[in-house]
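Where a number appears in this text, it was derived from the coordinates with a stated rule and is not lab data. Just so it is clear, the structure is predicted and the values come from calculations on it, not from any experiment. Using ideal geometry, Cβ is built from the backbone for each residue, glycine included, and neighbour counts are taken over all protein chains shown.
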Amino acid sequence: MRNPSRRGFLRTLGACTAIGALGACTITKNGSVTTVTINVAKVKAYGQAGLNAVSTILDITTVATAIGAPAVSVINIASAALGASLTAFTSAAGSSVTVSYDNATMKTRIDSVLADLQKVASDLEAGLKGASSKVSSSILSDASVAVSSLSTVISVFEGLLGVVSARRATMTEAQALRNLGVTA
């Protein structure tokens, strides 16, 4: 669980430092003020990856049919929430965003994109699990690549935000985004 205190923010800085080389964020310090600038294009790419994962899986007719209308509806609701949070983030952030430990509004928007990505992934995983006995292994494999790619994107995004997760990336960020048709 994330710690909204200054100490929690400083831990986030440590995580950002570790992945700063990826271009996801930069950290500057001026006296006692530490500022983290997050690459908005990366956050947008992560959100788009989630939306593309939903499209990829639901566009496979046999998978969508096997998942069933109720589960597809749940997935579509999660996808719509992700789209809305991504739009709100993008509108507020512009081309770059600077986050400090007391910038609650932007932190909330970024956390919302992550939470909605996690919901989309969870719903897709549940849907595929339910469809696994109804779909051929080759088709299921294609859908599983999309879910695995999304899990990698979420893992990288969590790292950016300093969230500790049990997820393990199964591929590189670039591979995951490419699998989901996103360039960052």
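Shape class for region 58-151: prolate, because the ratio a/c of the largest to smallest gyration tensor axis (alpha-carbon atoms, square roots of eigenvalues) is 1.5 or more and a/b beats b/c. Label-point separation (nm) for residue 73 and residue 136, each offset 7 Å from Cα along Cα-to-Cβ? It is 3.1 nm.
The amide H of residue 97, built 1.01 Å from its N in the peptide plane, has 38, 40 as neighbours under 5 Å, considering only residues 5 or more places off or on other chains.
Could you work out Rg/(2.2 N^0.38 Å) for region 104-152, with Rg from alpha carbons only?
Values: Rg = 14.0 Å, N = 49, 2.2 N^0.38 = 9.7 Å.
Normalised Cα radius of gyration, region 104-152: 1.45.
Per-residue 3J(HN,Hα) values for region 141-156, derived from phi via the Karplus relation 6.51 cos²θ - 1.76 cosθ + 1.60 with θ = phi - 60°, read 4, 4, 5, 5, 4, 5, 5, 5, 4, 5, 4, 5, 4, 5, 4, 5 Hz in sequence order (x marks Gly and Pro). Distance between the 7 Å Cα→Cβ label points at residue 84 and residue 126: 1.8 nm.
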